[in-house]
Amino acid sequence: MLALPAPFIRKTLAIGVVCALTACSTLPAYTKPDVAVPDHYAGTYAGTAASGWTVAAPADAQPRGAWWTLFNDDELNRLEARVDVSNQTVAKAAAQLLAARAMVDYQRSGYAPTITAGAAQSRTRLSQNVLGHSLAGRTVPDYAVGASASWEPDLFGRLKDATVNARDNAQASEADLESVRLSIASDLALDYFDLRSLDQQKQLLDDSVTAYTDALNIVQEQLKAGAIDASAIAQAQTQLESTRTMDSDIDVHRAQLQHAIATLTGVPASSFALPLQVRDIALPRIPTGLPSQLLERRPDIAAAERRVAAANAQIGEAHAAFYPDLTLSATAGLESTFFAPWLTAPSLFWSIGAQLAGTLFDGGRHDAALKGANAQYDGAVADYRQTVLVAFQQIEDNLSALTVLAREADSQQRATSAAELSLKLTTNRYQAGAVSYLDVVTAQTIALTNARTADQIDARRVDASVQLLKALGGGWDRATLTDAQTSE
């Protein structure tokens, strides 16, 4: 094995140590941007828990991020489990995260030297008409093998700043992936609960169609007996066909929701079906926590904050561009005109050197880059603060919605009960001959409308619960970010 000369090794090590000791950083000190955080949420709702994820046993061992398990619906749990596996939007976000992490490795590789090696063989003939050249008219073979190494010490932190920038962007991509998962999971839950609400209304309309068909048969018999005139038949048939129309319209909306669920779970719509199921959906107790905790619970807020940190590192890169770059290089190998003595000591060649180069004039390019980096930082701060504002708005919107809808549900339940009682009394009076069949039709319409309204309010309460869980971050925690502790 060929041994490099001792002076070569000593000089290389000495230059490396000096560069390491004199290195400095242009990375500005980073602190999270200030945001206005209220002491408490203005909206209040009896279904929210004071603190902590109060999931009842046996689900208390579930991951905190699986917020949909609070609704205790096995079918929903099964569908949500397919999102990470089959949803293509999540798959794209995961691929973008891998690309961002690869960029971190790419930037970190700049700390290491670049080493190349090669071998070459050539034959060269110089023109015989070249005067004053000892090899004129001769053919000269050349055999060479060698290795080269170059290293750029990070004197002014350019590589460090670029690595920090890439790391912060990778963490932002990681939070983006969680945001996509949260968004897809909440969309799936909303579509699923809306579909179950339609199942509830479908059963109500099916029962109404059956009841109205029976009523039509009764009045037809009464018409044959001469007890009523034909107007009652027309009124009963109108009521029946109108309800059948509403019943059929439910099928259209249900099919669209079913297709949307299929797409969210990565299944072709033509090969996916959810059987009709009618069940009461209990609203979960939702932990709102403190407003200050929201900054650690929302992945979109974390992503926006990490992009502020990345923009801060970009300012450091722009500062480092004003300073010169130092490059250390070394080359060693064997070269000979003849193959026989090629591997002997006299064939050895080597070189070692250093180059310090900097920009003396660039027409203001570096200044413009620094101004641009500062502007991008200001823009990232504005995005972060806007994301926080929107997050608080979404929470307050859904807390208010849940509060108002709870009152609406109570009021509507009383209205529905009154309408059902009115229908029963009106039907009895019609059978006693005290009122016309038009009064029965009117009472039926009012009762059906109120029953559907009650179901729709219940569905809106469930939707608001899902939206509130999404607005609160779905139980996500910023501490799960890779290198979260070292990025503060």
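For the reader, a short list of remarks on this structure follows.
- P(r) weight above 16 Å for the stretch 297-417, C-alpha pairs, percent: 79 percent
- Set of aspartates and glutamates with alpha-carbon distance to K202 below 13 Å, sequence-local pairs under 8 removed: D194, D247, D249, D251, D455
- Helix 6-22 vs. the chain, principal-axis angle (Cα, 0 to 90°, nearest 10): 40 degrees
- Rounded to 0.05, the FRET efficiency of the A354 and F322 pair, given R0 = 30 Å and the Cβ-Cβ distance, is 0.90.
- Computed lengthening from Q456 to A66, 0.36 nm per intervening residue step minus Cα-Cα distance: 137.8 nm
- Each of A93, P291, A357 was scored by the projection of its Cα onto the charge dipole of the chain, and the greatest displacement toward the positive side belongs to A357; charges sit on the C-beta of Lys, Arg, Asp and Glu.
- The longest stretch of the chain left intact once loop-based trypsin sites (Lys or Arg not before Pro) with at most 11 other Cβ atoms within 10 Å are removed from consideration, loops following DSSP, is 280-488.
- L438 paired with Q413, simple spin-label distance in nm, labels 7 Å along Cα-to-beta-carbon: 3.6 nm
- Neighbourhood charge, 14 Å Cβ-Cβ cut-off, centred on Y377 and excluding it, Lys, Arg +1 and Asp, Glu -1: -1
- Zone residues, the stretch 88-128, relative to R138, backbone N less than 12 Å from point 7 Å out along Cα-to-Cβ: 125-126
- For the pair I233 and D378 in one chain, pulling the backbone fully straight at 0.36 nm per residue adds 44.9 nm over the alpha carbon distance.
- Environment charge at L198 (Cβ cut-off 14 Å; Lys +1, Arg +1, Asp -1, Glu -1): -4
- The calculated FRET efficiency for the pair K424 and E396, based on their C-beta separation and a Förster distance of 51 Å, comes to about 0.75.
- Rounded tilt (10° steps) of 230-264 against the dominant C-alpha axis of the chain: 20 degrees
- Counting every C-alpha pair in the stretch 75-119, the share spaced more than 17 angstrom apart comes to 59%.
- Model label zone, T480; criterion: amide N under 13 Å from point 7 Å along Cα-to-beta-carbon; scope the stretch 151-194: 174-183, 185
- Expected 222 nm ellipticity per residue - DSSP helices of 4 or more, -39500 (n - 2.57), all of the chain, to 500: -20500 deg cm²/dmol
- Neighbour net charge for F71 - beta-carbon separation under 14 angstrom, K R +1, D E -1: -3
- Rounded to the nearest 20 debye, the dipole size of the chain about its Cα centre is 1800 debye, using +1 on the Cβ of Lys and Arg and -1 on the Cβ of Asp and Glu.
- If R0 equals 41 Å, the separation of the Cβ atoms of S127 and D362 corresponds to a calculated FRET efficiency of about 0.40.
- In terms of surrounding Cβ atoms within a 10 Å radius of their Cβ, Y377, Y384 rank from fewest to most as Y377, Y384.
- The residue list G266, T210, M246 was ranked by how far each Cα lies along the charge dipole of the stretch 184-307 toward its positive end, using unit charges on Cβ atoms, and G266 comes out on top.
Bear in mind these aren't lab numbers, they're just calculated from the coordinates by the rules spelled out. Here the structure is a predicted model, which means the values were calculated and not measured. Quick reminder, even Gly has a Cβ in these numbers, built from the backbone with ideal geometry, and neighbours come from all protein chains shown.
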